[in-house]
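Readers should treat all values here as calculations from the given coordinates under stated rules, not as data from a laboratory. Quick caveat: nothing in here was measured; it's all calculated off a predicted structure. Ideal geometry is used to build each Cβ from the backbone, glycine not excepted, and the neighbour counts take in all protein chains shown.
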Amino acid sequence: MSAVLTIPAVEGKKADKLAFEANKLSKRLHRLVGQAIVDFNMIEAGDKVMVCLSGGKDSYAMLDVLLNLQQRAPVAFDLVAVNLDQKQPGFPEHVLPEYLSARGVPFHIENQDTYSIVKRLVPEGKTTCGLCSRLRRGILYRVADELGATRIALGHHRDDMLQTLFLNMFFGGKLKGMPPKLVSDDGRHVVIRPLAYVPESDLEAWAEHRGFPIIPCNLCGSQQNLQRVQIGQMLREWERKYPGRLDNMARAMGNVVPSHLQDRALYPFETLRPTGVVDAGGDRAFDEDDQGCATPAAPATVAMPTRWQQAADSAD
């Protein structure tokens, strides 16, 4: 009898713990997105932000957080969700319109059969991502013009950015990542990535908590030998063995020291001469903390204005 009486108490404690963890996750997500918006001046007063919604966990979370911040942000901005229906076989066309209508979000569904184009032009067994991405990008830029959007928001997160950094190093010979904000290649659009500081694990947990109606990508989701997939597996293994490593690497992308790299376009190596003056940024190659033992310095961030901070802290 006593065991039966304790069950509600145990269940109550479990529910309280789950609610506490969900609230903590919500605060963290909104704080990280708010900080990225401030650091890179992603959204300004009067902007119309076109949120690219694929039906995956990342874009759902991005829209969810932006909707909450929109209600509390210190500047007024509009949101419109856009989905590109690429006519993949079996794509559940009803899911996104039903979800967006239920949430009262303005949206546009763009119907373009890029699936058939990709399948026709890319040989079997070859990676489809390059062509698919180019086709999708051109269509979304056109839609942004038609909707009068001043910002195009993409759902790439911190781990995507790290993967891109390593892909470019391993296979492209470039120290190049994925910027949180850029001008599009046609020079006409500003593209932002509000999830730039957010770990993928947080997005997975948030999607589960919120119960988003996830739509899988049948075109590229099964390409398990993609270089990006392999890099992602490598990063997850590093994080499993060495917790915090991905945070340190992400900080490094915002804490660059050109004088200690080899790009002559970024630093005037040819004209260096001894000055006789102590230089705090000078060579410390023989010091212990340059042998992999130093605690990484945090990159410079912009102090979050009080009203943005309040918007993030008060989010549901």
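List of remarks:
- Candidates A45, A81, A22, ranked by Gaussian network fluctuation over the chain, Cα under 10 Å, top entry: A45
- Selected from G276, G46, G90 as most flexible by GNM, with the chain as the system and alpha-carbon contacts under 10 Å: G276
- Pairs exceeding a 29 Å alpha-carbon distance, out of K57/K126; K87/K126; K14/K181; K48/K119; K48/K174; K27/K241: K14/K181; K48/K119; K48/K174.
- The amide H of V198, built 1.01 Å from its N in the peptide plane, has R158 as neighbours under 5 Å, considering only residues 5 or more places off or on other chains.
- Packing here is the average count of other Cβ atoms within 10 Å per residue, and on that basis the peptides 140-146, 108-114, highest first, run 140-146, 108-114.
- Residue exposure sequence - V183, V122 - by fewest surrounding Cβ within 10 Å: V183, V122
- log10 of Debye I(q)/I(0), alpha-carbon scatterers only, for the range 100-191 at 0.20, 0.23 Å⁻¹: -1.22, -1.27
- A cut-off of 5 Å between modelled amide H atoms, ignoring neighbours fewer than 5 places along the same chain, links D78 with D47, K48, V49.
- For R188 and Q70, the FRET efficiency from 1/(1 + (r/R0)^6), where r spans their Cβ atoms and R0 equals 25 Å, is about 0.55.
- Extension gain (nm, one decimal) between S201 and V257, 0.36 nm per residue minus Cα-Cα: 17.3 nm
- The chain: DSSP helices with Cα axial extent of at least 30 Å and average Kyte-Doolittle hydropathy no lower than -0.5: 2-39
- Kirkwood hydrodynamic radius over Cα pairs of the chain, then Stokes diffusion coefficient at 37 °C and 0.692 mPa s, in µm²/s: 147 µm²/s
- The mean sequence separation of alpha-carbon pairs under 8 Å and at least six residues apart, normalised by the residue count of the chain, gives a relative contact order of 26 percent.
- Beta bridges by DSSP in the chain, antiparallel share as percent, to the nearest 5: 15 percent
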